[in-house]
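Peer 1: Encoded as C-alpha cells, here's the structure I'll be asking about.
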Amino acid sequence: DEAARIVKPGGAVFLYHLPYWAIRLGYAMMDSLTLRHWIAVSMKNGFVRGRRLYPAHYALLYFTKGSPAQFVRPRVKPKKCRHCGQLVKDYGGYRSIIEEKGINLSDVWEDLSPVRHRTTKHRLANQLPSLLTDRVIQIAGHKDALLVDPFVGSGTSIVSASTQGMRFLANDLSRRNLAVWRKRLLNSCE
C-alpha cells in the first residue's frame, strides 16, 4: 500500500519474490497499480523440494501508476555456442540484424545466475545479481529519477541506480545490511 501511495504518476514499482508470494502481493497491488509484466527470472540450482516441483524461477512483477513515464525495451546479445561461437538459433533470415542490434528482451530472463561465490557475494543471505537491477533501471529509470528501496539488503539496486545517475533512498531492518550496502556503494564510486 505504501509503495503504491508514494510512487508518482507514471512511476514504476518492481516486486521480486517467489511465485507463491508474488501472486498474493501482486494481487493486492493491482488495486492501485497497473501490472505491466510478470517477468520470470530463471534461478536454477537443483535443490530437491520434497513433494513439490523444483522452483526454477523467481517472479519480478513490474507495475506502474498509470501509463509509464519511462519505458525502454532493452536488447540482449543473441546466444552463441560456447564451442564454435555461432548463433544457436537461425532467426529466419534476420541473422545480420540480430547480430548487429541484438534481441528484444522478453519476459523470461534465463541469463542470470544467483550470486553465490564468496568473491562476489557481500552477505550471507540472498543477493540480487547486478544484471537484474541494471535491467530494471534501464527499463524504468533515468538520470536524476528517484529509486526507493525499503528492503535494500546488500545494496545491488543502489549501486545500479548510482551508476546511472539516479538519486536514491534506501532502508533495511538489519543494521548489518545497511553497513554492507554503504560500504558497497563507496567502493563502487572509487
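The values are calculated or read from the model by the stated rules, or taken from the named source; none is laboratory data. Remember, it's a predicted structure, so these values are computed and weren't measured experimentally. Quick reminder, even Gly has a Cβ in these numbers, built from the backbone with ideal geometry, and neighbours come from all protein chains shown. Only protein heavy atoms, including side chains, enter the accessible area calculation; ligands, DNA and RNA are left aside. Shrake-Rupley method; radii C 1.70, N 1.55, O 1.52, S 1.80 Å.
Peer 1: Going through segment 50-78 one residue at a time, which ones are touching a strand residue (DSSP E or B) at 6+ places or on another chain (Cβ under 7 Å) and open to solvent by 90 Å² or more (accessible area, probe 1.4 Å)?
Peer 2: Selection gives 73, 75.
Peer 1: Go through (1) farther than 21 Å from residue 136 by Cα; (2) in contact with a strand residue (DSSP E or B) (Cβ under 6 Å, 6 or more places away or on another chain); (3) among the small types (Gly, Ala, Ser) for residue 28 and report which single condition fails.
Peer 2: Failed condition: (2).
Peer 1: Does any residue in segment 23-40 that is closer than 18 Å to residue 9 by Cα come within less than 8 Å, Cβ to Cβ, of a residue that is assigned to a helix (DSSP H, G or I) and among the charged types (D, E, K, R) six or more places away or on a different chain, and which pairs are these?
Peer 2: Cβ pairs passing all conditions: 32/5.
Peer 1: Residues of segment 94-115 being open to solvent by 90 Å² or more (accessible area, probe 1.4 Å) and acidic (Asp, Glu), which ones?
Peer 2: 99, 100, 110
Peer 1: From 78, 68, which residue is of a type outside the set (A, V, I, L, M), in contact with a Leu (Cβ under 6 Å, 6 or more places away or on another chain) and part of a loop (DSSP other than H, G, I, E, B)?
Peer 2: Sole residue among the options that is of a type outside the set (A, V, I, L, M), in contact with a Leu (Cβ under 6 Å, 6 or more places away or on another chain) and part of a loop (DSSP other than H, G, I, E, B): 78.
Peer 1: Let me ask another. Report yes if residue 38 is open to solvent by less than 100 Å² (accessible area, probe 1.4 Å), aromatic (Phe, Trp, Tyr) and not in a loop (DSSP other than H, G, I, E, B), otherwise no.
Peer 2: yes
Peer 1: I need the full set of residues from segment 131-177 which are out of contact with any Pro (no Cβ under 7 Å at 6 or more places or on another chain), open to solvent by less than 20 Å² (accessible area, probe 1.4 Å) and either among the charged types (D, E, K, R) or closer than 14 Å to residue 16 by Cβ (or both), in order please.
Peer 2: 132, 133, 137, 152, 153, 154, 156, 157, 160
Peer 1: If you don't mind, another one. Report the residue count in segment 133-159 for those that are of a type in the set (A, V, I, L, M), in contact with a helix residue (DSSP H, G or I) (Cβ under 6 Å, 6 or more places away or on another chain) and assigned to a strand (DSSP E or B).
Peer 2: Number of matching residues: 1.
Peer 1: Hey, another quick one. Scan segment 41-64 for residues that are in contact with a Lys or Arg (Cβ under 7 Å, 6 or more places away or on another chain) and in a loop (DSSP other than H, G, I, E, B) and jot them down.
Peer 2: 55, 56, listed by residue number.
Peer 1: How many of the residues in segment 172-190 are under 16 Å from residue 130 (Cα atoms) and in contact with a helix residue (DSSP H, G or I) (Cβ under 8 Å, 6 or more places away or on another chain)?
Peer 2: The number of residues fulfilling the criteria is 5.
Peer 1: Can you say whether residue 91 is open to solvent by less than 70 Å² (accessible area, probe 1.4 Å), not basic (Lys, Arg) and not in a strand (DSSP E or B), as far as the supplied structure shows?
Peer 2: Yes; evaluated as a whole, the condition is true for this residue.
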